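Please read the structure below before turning to the comments.
No value in this document is a laboratory result; all are computed from the given coordinates. This structure is a prediction, so every number in the text was calculated from the model and none was measured. Backbone-built Cβ (ideal geometry, glycine too); neighbour counts: all protein chains shown.
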Amino acid sequence: MTVMKRQFYKNHKPNGDEYMFHLARDTESGEVFVIRQADFVVDGGSEKAMTLYEFLAGGGNRQNALLQLIGSLVPEAAQH
């Protein structure tokens, strides 16, 4: 499985922990999903994949950043 990713949100916590969110696509199946990558100062990190539905159900800054990225992919065109 080959996964292409594009980061759309990054959050730094005061304790040094860092969270990055990527829009991802499996190039073989075409499945599109979100990957949350967390780098923890104390114990390394973790990665979690979730469906777009699961991710967008949360609402908030991360979700708004993904919606802005999706909107930027639609070209501006003259109105009909």
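Qualifying GluC sites (Glu not before Pro) in region 7-52, where qualification requires a DSSP coil assignment and no more than 15 other C-beta atoms within 10 Å, comprise E28, E31. Each principal axis of the chain carries a Cα extent, and these read 55, 31, 19 Å when sorted largest first.
Taking amide H atoms as placed 1.01 Å from N in the peptide plane, the amide H of Y9 lies under 5 Å from those of F21, each 5 or more residues away in sequence or on another chain.
The residue list N64, G30, Y53 was ranked by how far each Cα lies along the charge dipole of the chain toward its positive end, using unit charges on Cβ atoms, and N64 comes out on top.
In the chain, helical runs assigned H by DSSP with n ≥ 4 each contribute -39500 (n - 2.57); averaged across all residues and rounded to the nearest 500, the mean residue ellipticity at 222 nm is -6000 deg cm²/dmol.
What the phi angles of region 18-29 give under the Karplus curve with 6.51, -1.76 and 1.60, with θ = phi - 60°, is a coupling list of 9, 10, 10, 10, 10, 7, 10, 9, 7, 5, 7, 8 Hz, glycine and proline written as x.
Please state the charge dipole magnitude for the chain, taken about the Cα centre, from unit charges on C-beta atoms (+1 on K and R, -1 on D and E), reported in debye and rounded to the nearest 20. Please report the intermediate quantities before stating the final value.
Details: 8 positive and 10 negative charges, 40 e Å.
Value, rounded to 20: 200 debye.
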